[in-house]
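Below: the structure, in structure tokens.
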Ligand code: ACM
């Protein structure tokens, strides 16, 4: 039992009651909801020591006929069908369904909190999920997945009982922004890969996908008014491979795929540095008017847009106009990091003017923490990755902070000295290091109220395909998702590592290539 909101007296009564209940939760398997491994850890779990069974007659009843709730019902059905082989039809209803069914409904019930909160009640007769908004139902469905046997993640029929322990889960997130970043510029990842990455985020209740769409090595998003960005600038990647890019249609497909999972897409075009792919595609963006060569190495900090030429601002305006039109979410990420060859006196007015351009296209700014050197516009967010002084300067200007400390959240860092993939400039990041920290006391001076959430960036200098990506992402991503969702006073490494270990079989069933850290007692 976990609880963060009751007074001490109520808490004591509940704990005593729970202890009695848990003592009786011994006869059937599974019979103890509080023993299930759920990541991120929910706010509160109460066990009632029995179980609900999915069977061939189970249907998913949804109350109301809105497109959202019917789609969410369909999503749950699609998850549960392959391994169970049951039809799990989605049916619209106005009444609670009969015994043996799943029931999804929207309600303003006081027990569910915020846009992503949900209340899951499992009895012997019914599995009921209630939320105030569709996003909450979607998050709750991820919990339903995790309280079913791990075989539920298999893609072909497994003959076995499908039992779920009974009880109640009340749940809602600590932070409103819980994201991951994928660098598709250093190595290009195709449409299906990006969708699989979105699926990973969805599983752990994350709600933002930040796509790093341009860098020295490649430009990955079609910009119709500057076509050579992708034709030439997208034609290679680190190591000299053929690279690639997303058409605007493919990008819109990501937006929809993500938004169907209540995940917001944040596109980044990094500038004024990390921009060689554009400089190689258009000579006029260079101070000397000459196009650079394409670049396939991994150095950083050598390129800059010409900040003095008017054509640069036409370019920036065109790029962000097209991106803003394609992006329904509130944010555009302007990069701003490691512009080592842009003079500070040029960097500052450039970033200010770029902020104004993005705002003129109706979006809010996110930028790496260096952008705080400039005067930040209202509603700007600085993404802290390395420099505490930059982050504090952002806060002193009224900006919010997105926490991505490299030494904790950079999931491209090696786990230890033996890890073949990844980099190590921010140190080795084993599973415990990535889990044992609190965003609200990591940077002196930046407390909870300044922080929108956390993001785990995956840079891909060394990562060339999905199996390699999975190895770096898992199992760090679930822990980082938990840091965003579960309040820090409810988290402990000793408890988490056991819960994570119990998900070994689930990761395997999902065909995920994960790092079997010796720190974790894996059960596969
Ligand atoms: C960064 O890692 N250069 C933001």
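The values are calculated or read from the model by the stated rules, or taken from the named source; none is laboratory data. From a predicted model like this one, the values you see are computed outputs, not experimental measurements. Neighbour counts are summed over all protein chains in view; Cβ atoms, including those assigned to glycine, are modelled from backbone coordinates with ideal geometry.
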Qualifying residues in segment 284-305 (those that are closer than 16 Å to residue 335 by Cβ and part of a loop (DSSP other than H, G, I, E, B)) - the one nearest to the ligand (Cβ to nearest atom): 300
1 or more residues under 18 Å from residue 159 (Cα atoms): qualifying strands (runs of 3 or more DSSP E) within segment 25-103: 44-54
Lone qualifier among 354, 358 - being in contact with a strand residue (DSSP E or B) (Cβ under 6 Å, 6 or more places away or on another chain), away from the ligand (no atom under 16 Å from the Cβ) and either part of a helix (DSSP H, G or I) or at positive phi (or both): 358
Of the criteria (1) modelled with pLDDT of 95 or more; (2) more than 17 Å from residue 203 (Cα to Cα); (3) buried (at least 21 other Cβ atoms within 10 Å of the Cβ), which one residue 112 fails: (1)
Of the criteria (1) under 25 Å from residue 176 (Cα atoms); (2) within 13 Å of the ligand (Cβ to nearest atom); (3) within 21 Å of the chain's Cα centre (by Cα), which one residue 365 fails: (2)
Matching option when the condition is surrounded by fewer than 17 Cβ atoms within 10 Å (Cβ to Cβ) and farther than 25 Å from residue 454 by Cβ, among 298, 292: 298
Single unsatisfied condition, residue 99 versus (1) free of Cβ contacts under 8 Å to residues at least 60 places away in the same chain; (2) under 30 Å from residue 440 (Cα atoms): (2)
Answer from 332, 348 - the residue that is away from the ligand (no atom under 15 Å from the Cβ), farther than 20 Å from residue 460 by Cβ and in a strand (DSSP E or B): 332
Any hit, segment 231-244, residues being under 23 Å from residue 366 (Cα atoms), out of contact with any strand residue (DSSP E or B) (no Cβ under 7 Å at 6 or more places or on another chain) and at pLDDT 95 or above: no
Hits in segment 402-425 - residues which are part of a loop (DSSP other than H, G, I, E, B) and within 14 Å of the ligand (Cβ to nearest atom): 404, 405, 410, 411, 412, 422, 424, 425
Test: residue 376 is within 23 Å of residue 439 (Cβ to Cβ), part of a loop (DSSP other than H, G, I, E, B) and touching a residue at least 12 places away in the same chain (Cβ under 8 Å): yes
Selection from segment 368-380 of residues that are within 14 Å of the ligand (Cβ to nearest atom) and either modelled with pLDDT under 95 or touching a strand residue (DSSP E or B) at 6+ places or on another chain (Cβ under 7 Å) (or both): 368, 369, 371, 372
Sole residue being within 30 Å of residue 239 (Cβ to Cβ) and either at pLDDT below 95 or out of contact with any helix residue (DSSP H, G or I) (no Cβ under 6 Å at 6 or more places or on another chain) (or both), chosen from 103, 188: 188
Enumeration of residues in segment 347-371 that are out of contact with any helix residue (DSSP H, G or I) (no Cβ under 9 Å at 6 or more places or on another chain) and without any contact (Cβ under 8 Å) to a residue 40 or more places away in the chain: 352, 356, 359
Pick from segment 443-467, criterion under 14 Å from residue 194 (Cα atoms) and part of a helix (DSSP H, G or I), ranking: nearest to the ligand (Cβ to nearest atom): 466
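Here's the yes/no breakdown for (1) under 33 Å from the mean Cα position of the chain (by Cα); (2) under 22 Å from residue 150 (Cα atoms); (3) at pLDDT below 90:
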| residue | (1), (2), (3) |
| --- | --- |
| 16 | no, no, yes |
| 63 | yes, no, no |
| 73 | yes, yes, no |
| 81 | yes, yes, no |
Restricting segment 154-181 to residues that are surrounded by 23 or more Cβ atoms within 10 Å (Cβ to Cβ) and more than 24 Å from the chain's Cα centre (by Cα), the residue that is nearest to residue 197 (Cα to Cα): 165
